[in-house]
Each structure stands twice: as C-alpha cells, then as structure tokens.
1. Of the peptides 303-316, 262-275, 65-78, how do they stack up when ordered by the mean number of other Cβ atoms within 10 Å, highest first?
2. Between residue 30 and residue 274, what length in nm is gained on full extension when 0.36 nm per residue of separation is reduced by their alpha carbon distance?
3. At 0.692 mPa s and 37 °C, plugging the Kirkwood radius over alpha-carbon pairs of segment 34-107 into Stokes-Einstein gives what diffusion coefficient in µm²/s?
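Computed from the coordinates by the stated procedures, all read-outs in this text should not be read as laboratory data. Quick caveat, the model's predicted, so the values are computed rather than measured. All Cβ positions, glycine included, derive from the backbone under ideal geometry; neighbour counts span all protein chains shown.
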C-alpha cells in the first residue's frame, strides 16, 4: 500500500514539475526572443529569476519534503571564499543523480552552470531551461577528445554574468583508473583571467543514514516510509587558481593528483564514516534552517494551478491529461499512458472533430508499443 501511495505522490510531483517547467520554458523563450537582442545583461537577470521558479521546486523537494541534511566539512579559508560569493571551477565526484552542488551554490549566494552532453539540451523542461540559462553543451565524446578549445569558447561569456558562477565539472575515470582531464584543462585555460579559485568537492553518504545513496525517486519514497532523513557529507577544499601550473600537461597532472587524494578521502570516509578531524564542520543545512523561498514558490505555483483549473476547466483537463501521458511514459507506466491518451483523444474528438484522432493514435502507438 505504501508503494502505491509513494508512486502516486511521485507521479503527482513529476506532473507538477513538467507543467510548471513547460510554462517556465515558454517564458524563457519569449524573453530570449524579445529581450536578449536588446540587452544580454538584462536578459540574464530576468532569465535567472524565471529559471529559479523551476529549480526551487527541486529545492522544496530537497528541503521541505525529504528534509535532507547536508553537512559541509571545510576549513576557514574555503568557507571565507564560499561566503564571499566568488567565481569558481568546481570538480567533484558523481555518485548520485541529485545535484547537491547547485544547492550549495544557491545557498552561498552564487549560481551554477554545468558542462554536459549536447543531447540534453533537446529535452523539454530541464534541458531547455539549462540551454536558456547558458549551460555549456558539448559533444557526447567530448570528455575523451583532445581538442576542446573551440567547444569551450563559450566559457569566456561567463565573466560577464551579473552574479557569481560555479562551473561544475565531473572529470570521468576510465576503467583503467585514468582521469579524463581535458574538460578541466580547457576550463582553466579559458577562465584563469576571471576565476580566482577551484573548489575540490567530495560527496559521500554515511552508511547508517544513506545506504544506498539517495536518488530523486528515493527522496519521495523514503519520506512516505517514515525513514529518517538522508544525511550528506560534503568535503570542500579551495585551491587558488593562481597557484596552478600554466602548461596544459601539468594542469592535467594536477587534476589527476586531486582525484588520487579524493579517492583516498573517500576510502577514509567509508572506513570511519567521516572526513576526519583535520577539517571542521562549519555549516549544516538541516531541516531547522530550511529556506522559505522554495516553499513560497511551490505554494504560488499550486495557487496558479488551482486558479487556472477553476477558470478554464476543459482546457486544464486537456493539459493535465497530455502532461500525465508524458509523465507516465517517462516513468514507463505504459498502461496508464495508454488510458490517458485514449481519454485525451476522446475529449479532443468531442471538441474539434474526428480529424484529430488519427494523429493521436499514431502518436500513442509510437510511444506505447514496444
């Protein structure tokens, strides 16, 4: 029974996220066409506010629904850099699909961009929102390519942002344990003149609270199972970018050495469930200090949906059914998607005539049939 309720809550949240996300995408597109040709700076400011309406929904899930506790282990020098709201290159391990780094960036008063695969920008909601926010998209084989200078030319534009930016990188390790450092080398080369620091971030989870590591779906399910909130340990070390070598090969070696130290730190955490006594626990993002902004945004979205449903019931039902079909397909609930698509076809046929039915049937067959 709990699993059914959990799936229903997950479905509702994803549906809420998709509808509000498409609304955000539409506003972003209008701003891109109308405002950006006139002023890139004004467009960036407005788009930052609009995109925040989407990302704060994830923040609400993180802070208010799941009550995740993030414990930041760092030293005073690094914490001073975090609080000073400086531009930074962030290199991190990647062990979960939850973006803890963007949460930390937002809470420190900065924003974050990520270098990711080019295919992602074609995905509605998240991909489109990231494209309008000027995240950097590269070819799928980028991490293994030897020449990224042209692909990362967009990095120069980061220095003109009206707020501090964290550029998030996830250098991948091959099966042989080699670190693919090309992205990091290119980022340092393009951003050295206006970025003062590199943040070495290591994320780990204590086995007693987070075994296995949390996922976005797990945040929804485990809350309903009344499990204790997830605890996340984040170790951050600041490196002055001026102290990094200038030669590309030496920068690559420096990155490899950082990951050797990172793996040793993770081994220590697995053995002792802590990052050690040499660092201080200076900040805890726990449920006692949950930000109100995410709660306010989700509440406003809910009120907008209620008003729209009361004002335009038939249109709201059609949008709900279409969005529900997409969500069901995303979650691989094929039977539910089939029912929703058939109901949508019936309503559209009643409203617009039988000519729309073949198109809907073809669409439904394309997505639902194996």
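1. Descending mean neighbour count gives 65-78, 262-275, 303-316.
2. Here the segment from residue 30 to residue 274 would lengthen by 83.1 nm.
3. For the chosen part, D equals 220 µm²/s.
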